[in-house]
1. Expressed as an acute angle from 0 to 90° and rounded to the nearest 10, what is the orientation of the C-alpha long axis of helix 11-38 relative to the principal long axis of the chain?
2. Determine the shape class of the chain: with a ≥ b ≥ c the square roots of the Cα gyration tensor eigenvalues, call it rounded for a/c under 1.5, and otherwise prolate if a/b is greater than b/c, oblate otherwise.
3. Would you mind calculating the relative contact order of the chain from Cα pairs under 8 angstrom and at least 6 residues apart, reporting the percent as a whole number?
4. Fewest Cβ neighbours within 10 Å first, please rank 110, 176 accordingly.
5. Pairs of alpha-carbon atoms within less than 8 angstrom and 6+ residues apart define the contacts here; what relative contact order does the stretch 305-423 have, in percent?
6. Calculate the length of the line joining the C-alpha centroid of the stretch 372-417 to that of the stretch 144-163, in whole Å.
7. Could you check the simple spin-label distance between residue 177 and residue 319, using points 7 Å along Cα→Cβ, in nm with one decimal?
8. Neighbouring Cβ atoms within 10 Å as the yardstick, rank 58, 244 fewest first.
Ligand code: HEM
Ligand code: HEM
Ligand SMILES: [Fe+2]
């Protein structure tokens, strides 16, 4: 079965399309902020469009498009897993319109200084309430659909668990706590418990679903690992929050808890890499379409490198004491977000869009897509390495030699130029990918070759 079975699954397409447009916009703004580290921007421009505003746009666009991707994927996955149409398809459309309008309002509002000020969660409290309403509509829609169908399985359970956890943590980022230490403490409940808790569960469920559909392997093979991952993600993810409590006035015990547990976090990710590879290896015929698998494999590897290796590099308090809040953090932030969640979403788009469009065999003309993957991925890897060099330099100049922030920026400029140049490659890759995904065509049918005496019969690709 390759085409969508349920009409309501098609709503997912509009979530994916909007997510892709916002992704492209995020990258353009990213280039603009990187440029500010390389050259001095005229004061008149800075007054109208300061670094902080552009940075808020860059990161909030990221969070918005990733969440839209997760929601679209959920609307695609749930009907098929539950074996029924979505409970309220129209509500899903209204929800998309509301979220899009909220996003636009927030972006325009940033220009006028309408912001909560907390990084990644800048959107003002009034708009938070709209987001909460949309999230409740979303959870109700998904929950009621699953409850009516009463065909629970591990994929649905993990997904719903992750989504409820995600929504619940958002609430902790809404109030303003007068004590700044407390304020940051709860800020991490959103940021860390999202990316290293709730989102990992959503990843596990989405990846499991894709693997099942792409390979047709027995459910038990994939679901078994889902349980192991669930336990490990929650265990290491929640205790691992401690790696953010080192320097904000929390009890000293967190130095040890945070250090020890977060170091274990890469383990479940590694298991998933191995599992993906194993499931694929057993069924060589199932490794099609190739590009979808390039994405799934790329996600597994860069998820592990960006979150696991680059995360581990600065998670021990002895190291974090020097690197905290430097460009080392930014380096990890880019590779982890891209490797884990940008690639997860793009993998899912490549998996689902051909099916939504009813392309034969779920196959599509892959050519431009490979360019998109490699340009973007190599660009982000190069950019992250350049951020890392700038960060090590910054750590040495500021934290070891005690130079003031602005003095230390001068020698870092060259490496920010390298960041910028890789950013141009990323932009080329993202534009290629977005265009490719929004214009997916059926696989090109090979030209019919004349049969010579005793030659093979003409072969048409895409019909195998
Ligand atoms: C996909 C999963 C992950 C994502 C998307 C992610 C993303 C991020 C981001 C964006 C920040 C910067 C937050 C800020 O200060 O503005 C951050 C900080 C940090 N991350 Fe991760 N991360 C992930 C997993 C991990 C893992 C598994 C580890 C440890 C093994 C880790 C260790 C850290 C540490 C120690 C910091 C604080 C850096 C500092 O003190 O400045 N992260 N992460
Ligand atoms: C053209 C490509 C890009 C460029 C030039 C770029 C540049 C930047 C710059 C200069 C910052 C600010 C760092 C600071 O405050 O010192 C930043 C922040 C950030 N960007 Fe990008 N970016 C790009 C693409 C991406 C992508 C693809 C992702 C994720 C998928 C991403 C995620 C983030 C995150 C999470 C932060 C906040 C990091 C932190 O708090 O430590 N960016 N970016
Ligand atoms: Fe964390």
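Read the figures in this text as sums done on the coordinates, not as results from a lab. If you're wondering where the values come from, they're calculated on a predicted model, not measured in any experiment. Cβ atoms come from the backbone with ideal geometry, glycine included; neighbour counts cover every protein chain shown.
1. 40
2. Note, shape of the chain comes out prolate.
3. It comes to 16 percent, rounded to a whole number.
4. Least to most surrounded, the residues fall as 176, 110.
5. Reported as a whole number, the value is 32 percent.
6. About 43 Å separates the Cα centre of the stretch 372-417 from the one of the stretch 144-163.
7. Going by the 7 Å Cα→Cβ label model, 2.8 nm.
8. 58, 244
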